[in-house]
Amino acid sequence: MILGTSSSLQHNSPEEWAQKQIALGLKAVNFPVTFEAGEETYMAYKNAADKAGLLIAEVGVWRNTLAADKSERVKWIKYAVEQLKMADKIGALCCVNVAGTPHGPRWDGGYRENFTQETYAQTVEMIQEIIDEAKPQKAKYSIESMPWMIPSTPDEYVKLIKDVNRSGFGAHLDVVNMITSPEKYFFNDNFLRECFAKLDGQILSCHLKDIRLKEEFTFQLEECACGQGSLDIKLFVELATKQNPNMPMIIEHLNTDEEYISSVKYVQKLLK
(Lines give C-alpha, C1' and ligand atoms only; values in the text may rest on other atoms or scores of the structure.)
Protein backbone atom coordinates (compact mmCIF):
# COMPACT_ATOMS: atom_id res chain seq x y z
CA MET A 1 0.00 0.00 0.00
CA ILE A 2 0.97 3.64 -0.22
CA LEU A 3 0.18 6.07 2.58
CA GLY A 4 -1.44 9.50 2.35
CA THR A 5 -3.58 11.87 4.39
CA SER A 6 -6.67 13.96 3.75
CA SER A 7 -4.75 17.04 4.92
CA SER A 8 -3.09 19.31 2.37
CA LEU A 9 -0.89 20.62 5.21
CA GLN A 10 -0.34 24.36 5.41
CA HIS A 11 1.36 25.50 2.21
CA ASN A 12 1.81 28.50 -0.08
CA SER A 13 2.25 26.88 -3.48
CA PRO A 14 1.59 23.60 -5.30
CA GLU A 15 5.31 22.82 -5.15
CA GLU A 16 5.46 23.36 -1.39
CA TRP A 17 2.33 21.22 -0.97
CA ALA A 18 3.93 18.34 -2.87
CA GLN A 19 7.27 18.63 -1.09
CA LYS A 20 5.63 18.59 2.35
CA GLN A 21 3.92 15.32 1.46
CA ILE A 22 7.20 13.81 0.28
CA ALA A 23 9.04 15.02 3.39
CA LEU A 24 6.59 13.00 5.50
CA GLY A 25 7.31 9.89 3.49
CA LEU A 26 3.90 9.94 1.81
CA LYS A 27 3.30 8.72 -1.72
CA ALA A 28 -0.46 9.27 -2.09
CA VAL A 29 -2.50 12.46 -1.78
CA ASN A 30 -6.03 13.75 -1.68
CA PHE A 31 -6.34 16.51 -4.23
CA PRO A 32 -6.39 19.84 -2.34
CA VAL A 33 -8.41 22.03 -4.76
CA THR A 34 -11.69 21.72 -6.68
CA PHE A 35 -12.51 22.46 -10.31
CA GLU A 36 -13.78 25.85 -9.12
CA ALA A 37 -10.17 26.93 -8.56
CA GLY A 38 -9.79 26.96 -12.34
CA GLU A 39 -7.84 24.81 -14.76
CA GLU A 40 -4.59 26.74 -14.41
CA THR A 41 -4.57 26.21 -10.64
CA TYR A 42 -5.63 22.59 -10.54
CA MET A 43 -3.21 21.64 -13.32
CA ALA A 44 -0.41 23.31 -11.36
CA TYR A 45 -1.19 20.99 -8.45
CA LYS A 46 -1.41 18.00 -10.79
CA ASN A 47 1.99 18.85 -12.30
CA ALA A 48 3.55 19.30 -8.84
CA ALA A 49 2.21 15.88 -7.80
CA ASP A 50 3.53 14.26 -10.97
CA LYS A 51 6.96 15.84 -10.57
CA ALA A 52 7.15 14.61 -6.96
CA GLY A 53 5.97 11.11 -7.87
CA LEU A 54 2.77 11.40 -5.82
CA LEU A 55 -0.30 9.35 -6.70
CA ILE A 56 -3.49 11.43 -6.69
CA ALA A 57 -5.74 8.97 -4.90
CA GLU A 58 -8.94 10.91 -4.37
CA VAL A 59 -10.89 13.93 -5.52
CA GLY A 60 -13.70 14.74 -3.10
CA VAL A 61 -17.27 15.81 -3.78
CA TRP A 62 -18.89 15.93 -0.31
CA ARG A 63 -22.19 17.39 -1.47
CA ASN A 64 -25.77 16.11 -1.17
CA THR A 65 -26.49 14.76 -4.64
CA LEU A 66 -29.76 13.31 -3.28
CA ALA A 67 -31.02 16.59 -1.81
CA ALA A 68 -34.81 16.80 -1.42
CA ASP A 69 -34.90 20.24 -3.04
CA LYS A 70 -34.72 19.69 -6.79
CA SER A 71 -32.69 22.80 -7.58
CA GLU A 72 -30.16 21.93 -4.89
CA ARG A 73 -29.96 18.32 -6.11
CA VAL A 74 -29.35 19.45 -9.69
CA LYS A 75 -26.66 21.89 -8.52
CA TRP A 76 -24.75 19.26 -6.57
CA ILE A 77 -25.03 16.62 -9.28
CA LYS A 78 -23.52 19.14 -11.70
CA TYR A 79 -20.77 19.82 -9.13
CA ALA A 80 -20.05 16.06 -8.88
CA VAL A 81 -19.91 15.80 -12.67
CA GLU A 82 -17.35 18.60 -12.87
CA GLN A 83 -15.28 17.09 -10.05
CA LEU A 84 -15.27 13.74 -11.85
CA LYS A 85 -14.21 15.42 -15.10
CA MET A 86 -11.36 17.11 -13.25
CA ALA A 87 -10.40 13.83 -11.57
CA ASP A 88 -10.15 12.22 -14.99
CA LYS A 89 -8.07 15.07 -16.37
CA ILE A 90 -5.55 15.08 -13.51
CA GLY A 91 -5.19 11.30 -13.42
CA ALA A 92 -6.84 10.68 -10.03
CA LEU A 93 -7.88 7.15 -9.16
CA CYS A 94 -11.33 8.09 -7.95
CA CYS A 95 -13.81 10.87 -7.35
CA VAL A 96 -15.56 10.06 -4.08
CA ASN A 97 -18.73 11.15 -2.30
CA VAL A 98 -21.22 9.63 0.10
CA ALA A 99 -24.67 8.77 -1.19
CA GLY A 100 -26.41 11.64 0.61
CA THR A 101 -30.04 11.71 1.67
CA PRO A 102 -33.29 13.55 0.96
CA HIS A 103 -34.75 12.55 4.33
CA GLY A 104 -33.54 14.98 6.98
CA PRO A 105 -31.67 18.17 7.91
CA ARG A 106 -28.24 16.53 7.98
CA TRP A 107 -27.08 15.84 4.43
CA ASP A 108 -24.99 12.84 5.46
CA GLY A 109 -27.20 11.82 8.37
CA GLY A 110 -28.78 8.55 9.38
CA TYR A 111 -32.50 8.06 8.73
CA ARG A 112 -34.66 4.97 8.45
CA GLU A 113 -35.77 6.05 4.98
CA ASN A 114 -32.16 5.88 3.73
CA PHE A 115 -32.68 2.13 3.40
CA THR A 116 -35.94 2.11 1.46
CA GLN A 117 -36.08 0.65 -2.03
CA GLU A 118 -37.07 4.08 -3.36
CA THR A 119 -33.93 5.74 -1.95
CA TYR A 120 -31.78 2.88 -3.19
CA ALA A 121 -33.17 3.29 -6.71
CA GLN A 122 -32.57 7.07 -6.54
CA THR A 123 -28.98 6.41 -5.46
CA VAL A 124 -28.34 4.07 -8.39
CA GLU A 125 -29.87 6.52 -10.88
CA MET A 126 -27.91 9.45 -9.44
CA ILE A 127 -24.59 7.61 -9.76
CA GLN A 128 -25.40 6.55 -13.31
CA GLU A 129 -26.33 10.12 -14.24
CA ILE A 130 -23.04 11.52 -12.91
CA ILE A 131 -20.91 8.92 -14.70
CA ASP A 132 -22.86 9.13 -17.96
CA GLU A 133 -22.58 12.92 -18.01
CA ALA A 134 -18.88 13.08 -17.10
CA LYS A 135 -17.82 10.15 -19.31
CA PRO A 136 -14.55 9.45 -17.47
CA GLN A 137 -11.90 7.46 -19.31
CA LYS A 138 -9.66 6.52 -16.38
CA ALA A 139 -10.86 7.96 -13.07
CA LYS A 140 -13.84 6.26 -11.46
CA TYR A 141 -16.71 7.60 -9.42
CA SER A 142 -17.14 6.05 -5.99
CA ILE A 143 -19.42 6.13 -2.97
CA GLU A 144 -17.74 5.86 0.42
CA SER A 145 -19.09 3.12 2.66
CA MET A 146 -21.11 4.59 5.54
CA PRO A 147 -22.75 3.43 8.82
CA TRP A 148 -26.26 4.71 8.08
CA MET A 149 -26.72 4.93 4.34
CA ILE A 150 -26.04 2.78 1.31
CA PRO A 151 -23.56 1.10 1.17
CA SER A 152 -23.30 0.14 4.86
CA THR A 153 -22.10 -3.46 4.38
CA PRO A 154 -19.88 -5.27 1.87
CA ASP A 155 -22.95 -7.09 0.50
CA GLU A 156 -24.74 -3.78 -0.10
CA TYR A 157 -21.64 -2.52 -1.90
CA VAL A 158 -21.47 -5.58 -4.15
CA LYS A 159 -25.15 -5.10 -5.04
CA LEU A 160 -24.66 -1.36 -5.67
CA ILE A 161 -21.76 -2.01 -8.06
CA LYS A 162 -23.83 -4.60 -9.91
CA ASP A 163 -26.90 -2.39 -10.20
CA VAL A 164 -25.02 0.77 -11.22
CA ASN A 165 -23.49 -1.35 -13.98
CA ARG A 166 -20.93 1.19 -15.14
CA SER A 167 -17.24 0.61 -15.80
CA GLY A 168 -16.66 4.09 -14.37
CA PHE A 169 -17.81 3.04 -10.89
CA GLY A 170 -15.74 1.39 -8.16
CA ALA A 171 -15.56 0.86 -4.41
CA HIS A 172 -14.17 3.23 -1.80
CA LEU A 173 -13.51 1.27 1.38
CA ASP A 174 -13.89 2.87 4.78
CA VAL A 175 -13.94 -0.18 7.05
CA VAL A 176 -14.41 1.83 10.24
CA ASN A 177 -17.61 3.36 8.87
CA MET A 178 -19.08 -0.13 8.49
CA ILE A 179 -18.16 -1.39 11.99
CA THR A 180 -21.58 -0.99 13.57
CA SER A 181 -22.06 -4.04 15.82
CA PRO A 182 -20.29 -5.94 18.61
CA GLU A 183 -19.53 -8.76 16.18
CA LYS A 184 -17.83 -6.46 13.67
CA TYR A 185 -16.04 -4.55 16.44
CA PHE A 186 -14.65 -7.41 18.51
CA PHE A 187 -13.94 -9.59 15.48
CA ASN A 188 -12.83 -6.83 13.13
CA ASP A 189 -10.13 -9.13 11.76
CA ASN A 190 -12.86 -11.37 10.35
CA PHE A 191 -14.77 -8.37 9.05
CA LEU A 192 -11.68 -7.00 7.31
CA ARG A 193 -11.21 -10.31 5.53
CA GLU A 194 -14.90 -10.31 4.51
CA CYS A 195 -14.63 -6.81 3.03
CA PHE A 196 -11.60 -7.60 0.90
CA ALA A 197 -12.94 -11.00 -0.19
CA LYS A 198 -16.30 -9.64 -1.34
CA LEU A 199 -14.91 -6.47 -2.95
CA ASP A 200 -11.89 -8.14 -4.48
CA GLY A 201 -10.69 -6.24 -7.53
CA GLN A 202 -13.15 -3.36 -7.03
CA ILE A 203 -11.47 -1.26 -4.32
CA LEU A 204 -9.94 2.00 -5.54
CA SER A 205 -8.85 3.63 -2.28
CA CYS A 206 -9.16 3.12 1.49
CA HIS A 207 -9.54 5.42 4.46
CA LEU A 208 -7.26 4.63 7.39
CA LYS A 209 -8.33 5.42 10.94
CA ASP A 210 -9.25 3.55 14.13
CA ILE A 211 -12.30 2.83 16.27
CA ARG A 212 -12.87 2.30 19.99
CA LEU A 213 -15.70 1.27 22.30
CA LYS A 214 -16.91 3.93 24.71
CA GLU A 215 -17.43 2.95 28.35
CA GLU A 216 -21.19 3.30 28.41
CA PHE A 217 -24.07 0.95 29.20
CA THR A 218 -25.21 0.99 25.60
CA PHE A 219 -23.06 0.00 22.63
CA GLN A 220 -21.37 3.20 21.48
CA LEU A 221 -18.41 3.42 19.15
CA GLU A 222 -16.25 6.41 18.27
CA GLU A 223 -13.78 7.03 15.49
CA CYS A 224 -10.26 7.82 16.66
CA ALA A 225 -6.70 8.26 15.44
CA CYS A 226 -4.68 5.23 14.37
CA GLY A 227 -3.39 3.32 17.39
CA GLN A 228 -6.01 4.68 19.80
CA GLY A 229 -8.58 1.98 19.11
CA SER A 230 -9.01 -1.71 18.40
CA LEU A 231 -8.82 -2.00 14.61
CA ASP A 232 -6.28 -4.54 13.37
CA ILE A 233 -4.36 -1.99 11.30
CA LYS A 234 -1.57 -4.39 10.39
CA LEU A 235 -4.09 -6.84 8.92
CA PHE A 236 -5.92 -4.00 7.15
CA VAL A 237 -2.69 -2.94 5.46
CA GLU A 238 -1.73 -6.54 4.66
CA LEU A 239 -5.07 -7.22 2.95
CA ALA A 240 -4.99 -3.94 1.05
CA THR A 241 -1.44 -4.58 -0.14
CA LYS A 242 -2.28 -8.11 -1.20
CA GLN A 243 -5.09 -6.78 -3.38
CA ASN A 244 -3.02 -3.90 -4.76
CA PRO A 245 0.61 -3.16 -3.82
CA ASN A 246 -0.12 0.51 -4.59
CA MET A 247 -3.45 0.70 -2.78
CA PRO A 248 -3.84 4.23 -1.37
CA MET A 249 -4.61 4.30 2.35
CA ILE A 250 -5.62 7.80 3.40
CA ILE A 251 -5.49 8.93 7.05
CA GLU A 252 -8.43 11.26 7.71
CA HIS A 253 -10.60 13.19 10.18
CA LEU A 254 -7.90 14.69 12.38
CA ASN A 255 -7.90 18.33 13.39
CA THR A 256 -4.42 19.77 12.96
CA ASP A 257 -1.31 19.28 10.85
CA GLU A 258 0.46 18.11 14.00
CA GLU A 259 -2.15 15.38 14.58
CA TYR A 260 -1.80 14.19 10.98
CA ILE A 261 2.00 14.11 11.22
CA SER A 262 1.80 12.16 14.49
CA SER A 263 -0.61 9.63 12.98
CA VAL A 264 1.57 9.19 9.90
CA LYS A 265 4.61 8.52 12.08
CA TYR A 266 2.64 6.01 14.17
CA VAL A 267 1.56 4.02 11.12
CA GLN A 268 5.05 4.12 9.61
CA LYS A 269 6.56 2.85 12.86
CA LEU A 270 3.88 0.16 13.21
CA LEU A 271 4.60 -1.21 9.75
CA LYS A 272 8.41 -1.25 10.02
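The values are calculated or read from the model by the stated rules, or taken from the named source; none is laboratory data. Quick caveat: nothing in here was measured; it's all calculated off a predicted structure. Note that we place each Cβ from the backbone using ideal geometry, even for glycine, and neighbour counts take in every protein chain shown. For accessibility, only protein heavy atoms count, side chains too; no ligands or nucleic acids. Shrake-Rupley method; radii C 1.70, N 1.55, O 1.52, S 1.80 Å.
How long is the gain from A197 to N165 if the chain were fully straight, where each residue apart is worth 0.36 nm and the alpha carbon distance is subtracted? Kindly include the intermediate steps, with their values, before the conclusion.
Numbers: separation 32, 0.36 × 32 = 11.52 nm, distance 1.99 nm.
Between A197 and N165, full extension yields an extra 9.5 nm.
Where the accessible area of the chain is counted over protein heavy atoms with a 1.4 Å probe, how much of it, in %, is carbon and sulfur? Working shown, then result.
Working: 6300 of 13100 Å².
Here it works out to 48 percent.
Residue-wise, which Karplus ³J(HN,Hα) couplings in Hz belong to the stretch 103-108, taking 6.51 cos²θ - 1.76 cosθ + 1.60, θ = phi - 60°, and x for glycine or proline?
Along the stretch 103-108, the couplings run 10, x, x, 8, 5, 10 Hz.
Whole number in Å², please: accessible area per residue of the chain, 1.4 Å probe, ligands, DNA and RNA not counted. Don't jump to the answer; show the numbers that get you there.
Details: 13100 Å² over 272 residues.
That works out to 48 Å² per residue.
Which residues' amide hydrogens lie under 5 Å from the amide hydrogen of S145, considering only partners 5 or more residues apart or on another chain, with H built in the peptide plane?
Amide H neighbours of S145: H172, D174.
Take the cross-link list K27/K78; K27/K159; K46/K234; K75/K140; K27/K162; K159/K272 and give me the ones stretching past 28 Å between alpha-carbons.
In this structure, K27/K78; K27/K159; K46/K234; K27/K162; K159/K272 exceed 28 Å between Cα atoms.
Apply 1/(1 + (r/R0)^6) to the Cβ-Cβ distance of N47 and D189, taking R0 = 35 Å, and write down the FRET efficiency to the nearest 0.05.
So the FRET efficiency works out to roughly 0.25.
Among residues other than I251 whose Cβ falls under 14 Å from its Cβ, what is the net charge (Lys/Arg +1, Asp/Glu -1)?
Taking every Cβ under 14 Å from that of I251, the sum is -4.
Nearest 5 is fine: what % of DSSP beta bridges in the stretch 162-258 come out antiparallel, could you say? If you can, show how the numbers build up before the last one.
Working: 4 of 10 bridges.
So the antiparallel bridges in the stretch 162-258 amount to around 40 percent.
Which net charge results for the neighbourhood of R193, defined as the other residues with beta-carbon distances under 15 angstrom from its beta-carbon, given Lys and Arg at +1 and Asp and Glu at -1?
Values: positive: K184, K198, K234, K242; negative: D155, E183, D189, E194, D200, D232, E238.
Combined, the nearby Lys, Arg, Asp and Glu give -3.
If you take every residue apart from A171 with its C-beta less than 14 Å away from the C-beta of A171, what net charge results, scoring Lys and Arg +1 and Asp and Glu -1?
Net charge around A171: -3.
Can you give me the relative contact order of the chain as a percent, contacts being Cα pairs under 8 Å and 6 or more apart? Please report the intermediate quantities before stating the final value.
Working: 490 pairs, mean separation 50.1, N = 272.
Computed over the chain, the figure is 18 percent.
Quick check: residue separation of T116 and A23 times 0.36 nm, minus the Cα distance between them. What number comes out in nm?
Residue separation times 0.36 nm, minus the Cα-Cα distance, leaves 28.8 nm.
Taking amide H atoms as placed 1.01 Å from N in the peptide plane, list the residues 5 or more away in sequence, or in a different chain, whose amide H sits under 5 Å from that of L55.
Those lying under 5 Å, H to H, from L55 are A28, V29.
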